[in-house]
Each structure stands twice: as structure tokens, then as C-alpha cells.
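Data block below; observations after.
The values are calculated or read from the model by the stated rules, or taken from the named source; none is laboratory data. This structure is a prediction, so every number in the text was calculated from the model and none was measured. Because the Cβ atoms are built from the backbone with ideal geometry, glycine has one as well, and the counts that use them run over all protein chains shown.
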Amino acid sequence: MSTPAPMSVETFKQIRDFIYEKSGIFVPDNKKYFLENRLGRRVQDKGLKGYDDYAYMLKFGTDKAEISKLFDLVTTNETFFFREPQHFEVFGKDLMARIIQENTSSGRKDIKIWCAASSTGEEPYTIAIVLQEKPELVGFRKEIYASDISESVLTSARNAVYGSYAIRNIPEAYLKKYFTNTNNNYAVSPSIKSMVKFMKINLLDDKDTKAIRGADVIFCRNVLIYFDDKAKQKAVSLMYDALRPKGYLFVGTSESLHNITRALKPVVINKVVVYQKT
Ligand SMILES: C[S@@+](CC[C@H](N)C(=O)[O-])C[C@H]1O[C@@H](n2cnc3c(N)ncnc32)[C@H](O)[C@@H]1O
């Protein structure tokens with residue numbers, strides 16, 4: 001089967017708008033090539049005549065699985081362990097100290113974290129390692145929820161086996177302690193794996209995000225960059241609802257919530273910006 005003919009501008013707009021409406025991911029006008037690259041193979045595999053048939057199938061087809069497949073194809077899933085390590089420093093030291101203090105004064109002994117765009121799992125397993133390394137948390141119930149819109153990354157995340165690219169930033173001692181290396185495939189230890197519960201959540205779907213309430217900390221890093229302001233506002237307001245009062249939200253270091261929300265206030269800790277629910 002040959003590569004489909006170039007996508008018409010009209011079809012580009014139809015598919016682009018469909019993706020935006022369903023996921024918040026905004027593909028700008030000058031990125032028609034991006035959709036051609038990501039979807040060309042799918043059009044061939046489905047035996048369709050061209051991108052316009054694919055657009056029709058998305059819009060009027062009854063196969064929900066195709067939408068799921070579309071998310072797998074158009075999302076960018078780049079991630080690795082201990083990415084933006086300064087966040088994990090602040091999380092493990094400063095935020096944990098505050099949260100443990102609040103726990104002590106209110107008599108609860110639990111901590112709930114949501115990793116809201118977890119991709120293939122490196123970020124939530126990093127969070128699990130950081131929590132596991134805190135002796136002060138012994139005896140605490142530690143809940144880590146990790147979610148993504150893409151089924152295929154969630155499958156990899158649940159599998160929890162990584163190559164050398166993903167593990168390159170992991171401190172040697174943790175690599176030895178929490179991974180088994182077989183021919184340069186690094187499997188996460190069962191103790192860390194069992195701390196993370198994966199689920200499919202679309203950050204723009206209020207029904208999906210209702211699954212998480214009372215989170216102490218949310219990590220939503222390197223995903224809002226793919227959204228426009230309107231979609232960012234919606235996702236941030238749904239995450240606001242998922243946080244407990246005074247809870248914290250991390251976004252990526254290149255991202256900002258300036259002009260997106262006033263309900264979450266930026267707090268600077270050791271040069272790291274983290275947003276706090278007031
Ligand atoms: C670049 S990765 C970031 C992974 C990780 N947070 C990090 O910083 O390393 C972005 C992830 O966001 C997910 N994503 C995109 N749109 C989403 C949405 N509407 N709801 C949930 N996840 C979404 C993608 O599937 C992808 O896995």
C-alpha cells in the first residue's frame with residue numbers, strides 16, 4: 001500500500017480540530033506535516049484511500065478504539081527518570097517536610113500523589129523511589145496515581161522495563177537498589193512497581209479527573225505546552241479540584257501558569273516554582 005497523497009488543508013483543519021476538541025492538544029497551522037507523518041501509516045494500515053477518509057472515520061465512525069489509537073499517534077511521550085531533578089529535591093525535602101508536619105497536626109498518616117501525564121512511567125516510578133527513600137514516611141499510607149491519555153504508554157508503564165536512555169539520570173545507588181539489569185533492560189523492582197497505580201485519564205475530561213480527589217501533590221509536567229490557553233485553563237481547573245487545600249502542583253520548568261489561573265499561587269522554593277492551592 002503506498003503513502004497517502006498529501007493532506008488537504010481542509011482535512012488538516014478537520015483532524016486538527018477533532019484532536020483539539022478531544023484532548024486539548026493544539027496543532028498549529030504550520031504543522032500539517034506533523035499530522036501527515038504521524039497518521040500516514042495508520043491511513044495505510046486501515047486500507048483507506050486518503051486522510052479525508054480517515055477524518056470522516058474519526059468524526060462519524062462508531063469505533064471508540066480509533067480515537068484511542070489517534071491519541072497514541074499524536075501524543076509526544078518523551079520522558080526519563082529524574083527529569084528536571086530539582087523538582088524531586090524540593091518535593092522530597094521541602095514539600096514532604098510540610099506535608100508530614102500537616103499530617104502530624106491533623107492526625108492523618110497518608111500521602112496522595114497524582115502524576116497526571118505519566119507517559120511510559122519513568123516519572124511516577126521516580127516519585128515512588130523518592131518516597132521510598134524517606135524514613136520519615138515509614139508507617140504512612142503512600143498512594144501514587146499515574147495517568148495518561150494514551151493507552152500504549154500506559155501499557156509500557158505497567159510493564160516497567162526500561163532501556164539505557166530512560167535510566168541515564170538515575171543515581172547509581174538507586175539503580176542498584178531498585179532495578180534488575182538484564183542485557184541492558186532495567187526492570188523496576190516489585191517494591192517500587194507496586195506503589196504506583198496506573199489509569200487512563202484525559203486531563204480535559206471532568207468525569208475522568210473526578211477519580212482523583214484530595215491529592216497532596218500533582219505532577220503535570222511537560223504536557224500543558226501542547227495545549228492552548230483555553231485547554232490549559234480547563235485542565236488546571238480540573239486539577240485544582242483534585243488537590244486538597246494547600247496542595248501543590250508542579251508543571252514543567254519551561255511551563256508557567258501565569259495568566260492561566262489565580263486560584264493556584266506560585267511559591268518559590270530553592271529557585272523552583274511550585275503552585276499551591278489557596
Ligand atoms: C512529553 S510527555 C511528559 C511526560 C512526563 N510528565 C515528563 O515530564 O517527563 C506528555 C504526556 O502527556 C500526555 N497527554 C497529552 N494530552 C493529554 C491529555 N489531554 N490528558 C492526559 N494526558 C495527556 C501524552 O500522552 C504524553 O504521554
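Data overview
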{"quantity": "Tally, over region 230-255, of residues that are within 15 Å of the ligand (Cβ to nearest atom) and closer than 20 Å to PHE88 by Cβ", "calculated": "8"}
{"quantity": "Matching residues, region 127-142, being small (Gly, Ala, Ser) and over 19 Å from PHE82 (Cβ atoms)", "calculated": "GLY139"}
{"quantity": "Filtered residues of region 91-114 (kept if surrounded by 19 or more Cβ atoms within 10 Å (Cβ to Cβ) and more than 17 Å from GLN132 (Cβ to Cβ))", "calculated": "TRP114"}
{"quantity": "Spans of strands (runs of 3 or more DSSP E) in region 140-229 with at least 2 residues under 21 Å from PHE88 (Cβ atoms) and touching a helix residue (DSSP H, G or I) at 6+ places or on another chain (Cβ under 6 Å)", "calculated": "141-148, 185-188, 196-200, 215-220"}
{"quantity": "Contacts under 7 angstrom Cβ, first residue in region 79-105 being at positive phi, partner more than 12 Å from the ligand (Cβ to nearest atom), 6 or more apart", "calculated": "PHE82/ILE170"}
{"quantity": "Residues located in region 19-47, provided they are of a type in the set (Val, Ile, Thr) and either surrounded by fewer than 17 Cβ atoms within 10 Å (Cβ to Cβ) or part of a loop (DSSP other than H, G, I, E, B) (or both)", "calculated": "VAL27"}
{"quantity": "Count of residues meeting criterion [over 26 Å from LYS142 (Cα atoms) and either of a type outside the set (D, E, K, R) or crowded, with 17+ Cβ neighbours inside 10 Å (or both)] in region 212-233", "calculated": "7"}
{"quantity": "Residue match in region 127-134 (condition: over 16 Å from the mean Cα position of the chain (by Cα), over 26 Å from ILE99 (Cα atoms) and in the same structural domain as PHE250 (by TED's automatic domain parsing))", "calculated": "no"}
{"quantity": "ILE99 vs. criteria within 30 Å of LYS142 (Cα to Cα), away from the ligand (no atom under 15 Å from the Cβ) and not charged (D, E, K, R)", "calculated": "yes"}
{"quantity": "Qualifying position, being closer than 22 Å to VAL251 by Cβ and either more than 16 Å from the ligand (Cβ to nearest atom) or not small (Gly, Ala, Ser) (or both), among PHE60, PHE34, PHE88", "calculated": "PHE88"}
{"quantity": "Selection within region 8-47 - aliphatic (A, V, I, L, M) and in contact with a Lys or Arg (Cβ under 6 Å, 6 or more places away or on another chain)", "calculated": "VAL27"}
{"quantity": "Inter-residue pairs, beta-carbon under 8 Å, first over 14 Å from ALA146 (Cβ atoms) and of a type in the set (Ser, Thr, Tyr) and in region 190-214, second more than 8 Å from the ligand (Cβ to nearest atom) and outside any loop (DSSP other than H, G, I, E, B), 6+ apart", "calculated": "SER191/GLN132; SER191/TYR178"}
{"quantity": "Filter result for THR209 (β-branched (Val, Ile, Thr) and more than 16 Å from the ligand (Cβ to nearest atom))", "calculated": "no"}
{"quantity": "Qualifying positions in region 148-171 - closer than 13 Å to ILE129 by Cβ and away from the ligand (no atom under 15 Å from the Cβ)", "calculated": "ALA160, PRO171"}
{"quantity": "Residue tally, condition surrounded by fewer than 12 Cβ atoms within 10 Å (Cβ to Cβ) and touching a strand residue (DSSP E or B) at 6+ places or on another chain (Cβ under 7 Å), over region 137-162", "calculated": "1"}
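Each row is one residue, and each column tells you yes or no for (1) surrounded by 19 or more Cβ atoms within 10 Å (Cβ to Cβ); (2) of a type outside the set (Phe, Trp, Tyr); (3) under 24 Å from LYS22 (Cβ atoms).
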position: TYR174; (1), (2), (3): no, no, no
position: LYS193; (1), (2), (3): no, yes, no
position: LYS197; (1), (2), (3): no, yes, no
position: LEU204; (1), (2), (3): yes, yes, yes
position: LYS210; (1), (2), (3): no, yes, yes
position: GLU255; (1), (2), (3): no, yes, yes
